[in-house]
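No lab work stands behind these numbers, since they all come straight from the coordinates. Keep in mind the model is a prediction, meaning the values are calculated, not measured. Backbone-built Cβ (ideal geometry, glycine too); neighbour counts: all protein chains shown.
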Amino acid sequence: MSEAGARTSSIERVRAALAASGLALEAVELDASTRTAQEAADAIGCTVSQIVKSLVFRGEDTGEVILVLASGTNRVDEKHMAATAGEVLGRADADFVRAETGFAIGGVAPVGHIRPVKTFIDRDLQQYAEIWAAAGKPNAVFRLTPDDLIALTKGSIVQIC
């Protein structure tokens, strides 16, 4: 992404990525916080399982961003995901997340990153007709389908737990 693109607000990068996808998806800002999966589900009126949690890890060998898009109720089995990703997953602190994705923790979207990220999608999300993902701010989300998520991110469907 260009330097100008990196300066664009987080939600505007998400909106631009959604518009460029050709899918009829729209990021909306809510009055309530959507920082956690539970807060998002409460604000939207869906189940926590329908929330797409964006979990950012740092590849221990490569230093690259590894993004795991998980169902809101699932916990990532890090040993299993390390085998899937092909390297040990390290913790990504707030500075790493911001520098590498352009998002603050609590608003990391599946799209609109400032550089490409390796993405894995929780297989459990496929059971829902609609899911909700963060849109770049702690109170912004967008509704999509699991197929939309795959198309947007080019992520691999995996078992995360």
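How compact is the chain by the rule of thumb for globular proteins, expressed as Cα Rg over 2.2 N^0.38 Å? Please report the intermediate quantities before stating the final value.
Details: Rg = 14.4 Å, N = 161, 2.2 N^0.38 = 15.2 Å.
That ratio works out to 0.95.
Near LYS53, once Lys and Arg are set to +1 and Asp and Glu to -1 for all other residues with Cβ below 10 Å from its Cβ, the sum equals 0.
Remark: the stretch 1-89 carries a charge dipole of roughly 60 debye about the Cα centre, counting +1 on each Lys and Arg Cβ and -1 on each Asp and Glu Cβ.
If the chain between VAL88 and ALA19 were fully stretched, how many nm would it gain, using 0.36 nm times the residue separation less the Cα-Cα distance? Could you put the intermediate results ahead of the total?
Details: separation 69, 0.36 × 69 = 24.84 nm, distance 3.45 nm.
Contour length minus the Cα-Cα distance gives 21.4 nm.
Placing a label point 7 Å from the Cα of ARG115 along the Cα-to-Cβ direction, the residues of the stretch 83-102 whose backbone N falls under 14 Å from that point are 96-102. Per residue of the chain, the DSSP helices (runs of n ≥ 4 H) give a summed -39500 (n - 2.57) that works out to -8000 deg cm²/dmol at 222 nm. Here each label is just a point 7 Å from Cα along the line to Cβ, and for SER156 and ALA32 those points are 3.6 nm apart. The magnitude of the dipole of the stretch 3-158, with charges of +1 and -1 set on the Cβ of Lys/Arg and Asp/Glu and taken from the Cα centre, is near 140 debye. Electrostatic tally near THR62: other residues with Cβ closer than 10 Å to its Cβ, Lys and Arg +1, Asp and Glu -1, net -2. Please give the FRET efficiency for GLU130 paired with SER9, using the beta carbon to beta carbon distance and R0 = 25 Å, rounded to the nearest 0.05. It comes out at approximately 0.45.
Secondary structure note: in the stretch 28-161, about 65% of the DSSP beta bridges are antiparallel. Please work out the C-alpha center-to-center distance from the stretch 6-26 to the stretch 105-161 and express it in whole Å. Using only Cα atoms, the two centres lie 13 Å from each other. Computed over the alpha-carbon pairs of the stretch 86-161, the distance histogram in 10 Å steps reads 18, 47, 33, 2 percent, short to long.
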